[in-house]
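In what follows, a structure is listed as structure tokens, so that the remarks can point back to it.
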Amino acid sequence: MKVALVHDWSSSYAGSERVLEQLLLLFPSANLYMVADFIPPAERTFLGGRRPQTTFIQRLPLASRWVRNYLPLMPLAVESLDLSGYDVVISSSHAVAKGVLTGAGQLHLCYCHTPLRYAWDLQHQYLRDAGLTSGWRGAAALALLHYMRMWDLRTAHGVDQFLANSSHVAARIRRTYRRTATVVYPPVDTEYFAPGGRREEYYFTASRIVPYKRVELLLEAFRSLPGRRLVVAGDGPGLARCRRIAPSNVELLGSVGRSRLRSLMQGARAFLYAAEEDFGIVLAETQACGTPVICYGRGGAVDIVEEGETGLMFNAQTAEAAGDAVWRFQRMGKCWDPARIRRRAQRFDTRVFRQKFMDEFSSLVDPGIPDPEQLRPREVAGK
């Protein structure tokens, strides 16, 4: 049985790459395809030595820095991949990977991180953030996104089964494609992210510093909380501005390594997050460390945070709402139970992901082929 794995583009080891890592363990003989591969050498370990087959996007000028600027060409790129020799195609898609061409005799299972967010319900937010709300450039962007929506909707018909990474994304798939998706939460390394050290008197947040992460909102919230300290980890184009406007009780660390990130999660009084995420793997990692979360109560956070037991949620993306949630957390005077918080996070363990993914795979494949249990690599099945 020949299996092809198809991923969008990749420039780092991030959330969708963690899913891909587990798929490569489950299907060690599969061939890997990407629209473009710009993963730094130091972060390529998860590929297990594989060199993905890429498209012409890989060779375009400045693609390594501005690959998203080539989005208009990506439908052509992903459709250029010849997968006709495979029995099963598994796509890991947040943009265009699900648009690969498959034939009548092939099965296509799509693990959908989100429908193409640029073109659907977040279109206006992206246009505002990019400064494309007026003029001829704005009109051209609207036309492009209209084309991408039509293409994205058409290619959904080529998928035999959708898996979604959260109930939030499953609802978006239903609304966008009129398809039902089974929720299989993305994998969290709960063995690595575990309680440790002692609690300190600081709040913590970690994310890439880009507009939709709303890090500036948290800085403003702590301007009105002078007796409280916020530590921020993460890099991005907005870091310089955040350093200019941050109040004195906010410390911006920039990029930190995985070990430092874990120790900051373990020591924080609570983890803060103001973005609306498709899932929000950093929230689950934090809770695996036994740390409560204070977050915006939309998106994937609803699947992760149990209000009043593993954290608190606020209902508006404003500095006032975030600040009020911190005050509410303080006033509760509650002794949060790290063991309970961690148990909730273990629903997202890597082993749970592998089991549930293979269950869905088994339900899709033709019963006439060998039992899909035989497809499990022994080193994975025995973990």
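Since every read-out is calculated from the coordinates, none of them should be taken as a lab result. Only a predicted model underlies this, so the values are computations on that prediction, with no experimental measurement involved. Virtual Cβ from ideal backbone geometry, glycine too; neighbours counted across all protein chains shown.
Quick rundown of the values:
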| read-out | value |
| --- | --- |
| Size of charge dipole - the range 117-272 - debye, nearest 20, with Cβ of Lys, Arg +1 and Asp, Glu -1, no other charges | 240 debye |
| Environment charge of Asp152, counting only residues whose C-beta is closer than 11 Å and scoring Lys/Arg +1, Asp/Glu -1 | +4 |
| Highest average packing first - 263-275, 139-151, Cβ atoms within 10 Å | 263-275, 139-151 |
| Least to most buried among Glu21, Glu191, Glu276 (fewest other Cβ within 10 Å first) | Glu191, Glu21, Glu276 |
| For the range 203-346, convex hull of alpha carbons as volume per residue, Å³ | 95 Å³ |
| For the range 1-80, projected area of the alpha-carbon convex hull averaged over all directions, nm² | 5.4 nm² |
| Sequence-distant aspartates and glutamates (8 or more away, or on other chains) whose Cα lies within less than 17 Å of Lys334 | Glu200, Glu201, Glu306, Glu307, Glu309, Asp324 |
| Positive-end residue of Cys289, Tyr118, Phe271, charge dipole of the chain with Cβ unit charges | Phe271 |
| Cα→Cβ-extended label distance, 7 Å offset, between Ser84 and Met332, nm | 5.9 nm |
| Sorted by Cβ neighbour density within 10 Å, fewest at the top, the residues Tyr296, Tyr111, Tyr202 | Tyr202, Tyr296, Tyr111 |
| Tilt relative to the chain, helix 350-364 - C-alpha long axis, 0 to 90 degrees, to 10 | 30 degrees |
| Where N is the number of residues in the range 131-269, Cα Rg divided by 2.2 N^0.38 Å | 1.43 |
